[in-house]
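Worksheet: one structure, shown below.
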Amino acid sequence: VKGNFHDVKALLAARGVTKIDGMMIDLGVSSYQLDTAERGFSYHADAPLDMRMDQDQALTAREIVNTWSAEDIARILREYSEEKWAVRIAQIICEHRAQKPLETTGDLVACVDAAIPKKVRMQDNGHSARRTFQALRIAVNDELGELPPMLRAAEKNLKPGGRLAVITFHSLEDRIVKRELQALATGCTCPPEFPVCVCGKKPKMKLITRKPIVSGEEELNENPRARSAKLRVAEKC
């Protein structure tokens, strides 16, 4: 079913489903998308700057790098990928587009390479552009903004005893999922000095995994892209 995670309630209702036994949410970009060069997700192939998961939406990576301010570009690089060279990369992007628009992933990689000193790039664990591409992908698809409403909607649609499993692929996603699941699993929030509960708040979920489950050596040998995957599970009370 084509749709956004945060629309899960409406998507289920449209198919006559009111309650579900379990849901697994995989927040990773699919390998098919990454490996299809023309989608613009990969810094390994020169392709149009797209990065839309839903190709019917209007916003693309090309629009962001060519129309957003240097301050906003630097902000998403810092917030969505913790890029230390965010300000410099944004400055180089703006200098490049003043001469001609950035059209391809190759144009963007060239800007990142120009912004980060070669010595630093050589010491990087992976491609120096990967953080910039991650940040732009997250911004194009509003990946983090969709997470809290999606998790709350998923909880409401679970049967008692139903389980919600979420696989994340970077620390920002995992932080949000951890926080939201903990909030759903929290009961009374009255100050500890109160003799009795007056808030009446009850836990909606029970945490099954206190710490995330990660891939073992055997899985990593078969699928290196699983190296950053973390699985968290909670059960409806």
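The values are calculated or read from the model by the stated rules, or taken from the named source; none is laboratory data. Everything quoted here is computed from the prediction, not taken from an experiment. Positions of Cβ are backbone-derived with ideal geometry, glycine not excepted, and every protein chain shown enters the neighbour counts. Calculation scope for accessible area: heavy atoms of the full protein, side chains included, ligands and nucleic acids excluded. Shrake-Rupley method; radii C 1.70, N 1.55, O 1.52, S 1.80 Å.
Figures for the structure shown
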{"item": "J(HN,Hα) series, region 187-197, from Karplus relation 6.51 cos²θ - 1.76 cosθ + 1.60, nearest Hz, glycine and proline x", "result": "x, 4, 10, 5, x, x, 6, 5, x, 9, 6"}
{"item": "Measure of compaction for the chain (Cα Rg per 2.2 N^0.38 Å)", "result": "1.18"}
{"item": "E217 - accessible surface, heavy atoms, 1.4 Å probe, Å² rounded to 10", "result": "140 Å²"}
{"item": "FRET efficiency for V198 and D124, using Cβ-Cβ distance with R0 set to 41 Å, rounded to 0.05", "result": "0.15"}
{"item": "Alpha-carbon centroid distance for the pair region 1-41 / region 187-216, whole angstrom", "result": "28 Å"}
{"item": "Order of exposure, largest accessible area first, which applies to D54, D174, D107 with probe 1.4 Å", "result": "D54, D107, D174"}
{"item": "Computed accessible area, K202, all protein chains, 1.4 angstrom probe, square angstrom", "result": "150 Å²"}
{"item": "Nonlocal amide H pairs with L158, under 5 Å, H built at 1.01 Å", "result": "I20"}
{"item": "Heavy-atom SASA rank of T105, T67 (probe 1.4 Å, accessible area, largest first)", "result": "T67, T105"}
{"item": "Residue-normalised accessible area of the chain, given per residue in Å² at a 1.4 Å probe", "result": "56 Å²"}
{"item": "Across K9/K230; K2/K178; K119/K230; K9/K236, pairs whose alpha-carbon gap is larger than 22 Å", "result": "K9/K230; K2/K178; K119/K230"}
{"item": "Ranking by accessible area, most exposed first, for C94, C197, C111 with a 1.4 Å probe", "result": "C197, C94, C111"}
{"item": "Dimensions in Å of region 77-195 - Rg and Dmax from alpha carbons", "result": "20.2, 68"}
{"item": "Carbon and sulfur %, accessible surface of the chain computed with the full protein complex present, 1.4 Å", "result": "52 percent"}
{"item": "Computed accessible area, R175, all protein chains, 1.4 angstrom probe, square angstrom", "result": "120 Å²"}
{"item": "Extended-chain gain in nm, criterion 0.36 nm per residue less alpha-carbon gap, R175 and T189", "result": "2.9 nm"}
